[in-house]
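A short write-up of the structure that comes next.
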């Protein structure tokens, strides 16, 4: 999710400003366990599988798959703050609460430095410990019949600590990162990979944004290279590629679509009422419908942050109905409970047992009423 600026770094997560203050207290002497990136191979059941067939996603039986899900924010920032790996519970009960909303996919964010165990992240929250925790959570989701999207959310080049969103994944660690993630989940066809959360500001406005997005430029990795890095491991997982403009602009996605010999690419987009991107029906029809005729489209973030105000809920209903009518997958931001009746962002729940906010109640009703 795109949002607030902190200390010159784009940040977005609920409660992040408080946690980033705590980051300043991290002991300078804290070391990171730097080893060969490895996590136990995660395997899904024989039918919990997703793949691309033409312009749609299908399951292990070859049936069209409609993704209805949520993003579970936290694992991109807690580790660099020295406060853990997940923000809130991540046990079976918390997953069952999501499933009760008829959620069939959960998006799990990754921090580049925490996964790789570099740049001074506390060893108990980085490297093997972090990779094992993320892999175990994905396995727990799969065990309850839920697909997962593993996505890179926070990153930084060189020796900088990954404590915010960058314009694009860095070339210094990005290819290595995706080879490592792909190796960890290549046996789990219930996992999709979102190669970078919200590409933005890659160059001056115009086609050069897309050239950099596809090929890389300067310090930024390109989607072509990231796709190749994943495929070099033998991973056949579906890859989600978000467009430019904070993932709100997929207008030239087809023109710059990377080559994938397995033909397992899908377009990702983020849709927010307050976002300066593709937020109205005219844009959805003009941009998303032609795209959805060629490749699967997944809005792996959507939401509103007006605290249940009627106009916002009307927009939300319009968006969700449009997405379902045109076979666009959707994952609401975010399954996180934070204090206050009116959160500083689109939080779906008031408690991890699944009690909804006004915004969350609208999403839950829509999901559970679908047949």
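A few notes on this one:
- Among residues of region 168-177, those that are part of a loop (DSSP other than H, G, I, E, B) and in contact with a helix residue (DSSP H, G or I) (Cβ under 9 Å, 6 or more places away or on another chain), counted: 4
- Some residue of region 215-228 being touching a residue at least 60 places away in the same chain (Cβ under 8 Å) and closer than 21 Å to residue 302 by Cβ: no
- Per the conditions (1) farther than 30 Å from residue 67 by Cα; (2) out of contact with any helix residue (DSSP H, G or I) (no Cβ under 6 Å at 6 or more places or on another chain), the sole criterion not satisfied by residue 121 is (2).
- Residue within region 65-73 that is more than 25 Å from residue 184 (Cβ to Cβ) and modelled with pLDDT of 55 or more present: yes
- Applying the set (1) under 30 Å from residue 356 (Cβ atoms); (2) more than 20 Å from the chain's Cα centre (by Cα); (3) touching a residue at least 40 places away in the same chain (Cβ under 8 Å) to residue 298 leaves exactly one unmet item: (2).
- Scanning region 231-249 for residues being outside any strand (DSSP E or B) and under 16 Å from the mean Cα position of the chain (by Cα) gives a total of 8.
- For region 110-142, the set of residues classified as under 19 Å from residue 157 (Cβ atoms) and in contact with a strand residue (DSSP E or B) (Cβ under 9 Å, 6 or more places away or on another chain) consists of 110, 111, 112, 113, 114, 115, 121, 126, listed by residue number.
- If the condition is being in contact with a strand residue (DSSP E or B) (Cβ under 7 Å, 6 or more places away or on another chain) and either at pLDDT below 95 or within 25 Å of residue 245 (Cβ to Cβ) (or both), then region 182-202 contributes 192, 193, 194, 195, 196, 197, 198, 199, 202.
- If you check 284, 253 for being under 22 Å from the mean Cα position of the chain (by Cα), in a loop (DSSP other than H, G, I, E, B) and buried (at least 19 other Cβ atoms within 10 Å of the Cβ), only one passes: 253.
- Qualifying residue in region 345-360 (condition: at pLDDT below 95, part of a helix (DSSP H, G or I) and over 27 Å from residue 266 (Cβ atoms)): yes
- Top-ranked residue in region 214-234 [being touching a strand residue (DSSP E or B) at 6+ places or on another chain (Cβ under 9 Å) and under 18 Å from residue 199 (Cα atoms); ranked as surrounded by the fewest Cβ atoms within 10 Å (Cβ to Cβ)]: 219
- Given (1) without any contact (Cβ under 8 Å) to a residue 60 or more places away in the chain; (2) out of contact with any strand residue (DSSP E or B) (no Cβ under 6 Å at 6 or more places or on another chain); (3) within 30 Å of residue 350 (Cα to Cα); (4) surrounded by 20 or more Cβ atoms within 10 Å (Cβ to Cβ), index of the condition residue 246 fails: (1)
- Region 125-137, residues that are farther than 19 Å from residue 89 by Cβ and out of contact with any helix residue (DSSP H, G or I) (no Cβ under 9 Å at 6 or more places or on another chain): 128
Matching residues to (1) in contact (Cβ under 8 Å) with a residue 12 or more places away in the chain; (2) surrounded by 24 or more Cβ atoms within 10 Å (Cβ to Cβ); (3) outside any loop (DSSP other than H, G, I, E, B):
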| site | (1), (2), (3) |
| --- | --- |
| 115 | yes, yes, yes |
| 136 | no, no, yes |
| 149 | yes, yes, yes |
| 162 | yes, yes, no |
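- Number of the condition not met by residue 140 [criteria: (1) closer than 20 Å to residue 78 by Cβ; (2) buried (at least 23 other Cβ atoms within 10 Å of the Cβ); (3) touching a helix residue (DSSP H, G or I) at 6+ places or on another chain (Cβ under 7 Å)]: (2)
- For residue 251, the stated conditions hold: it is touching a residue at least 24 places away in the same chain (Cβ under 8 Å) and either touching a strand residue (DSSP E or B) at 6+ places or on another chain (Cβ under 6 Å) or over 25 Å from residue 365 (Cα atoms) (or both).
The values are calculated or read from the model by the stated rules, or taken from the named source; none is laboratory data. All figures in this text were calculated on a predicted structure; none of them were measured in a lab. Here the Cβ is made from the backbone with ideal geometry for all residues, glycine too, and neighbour counts use every protein chain on show.
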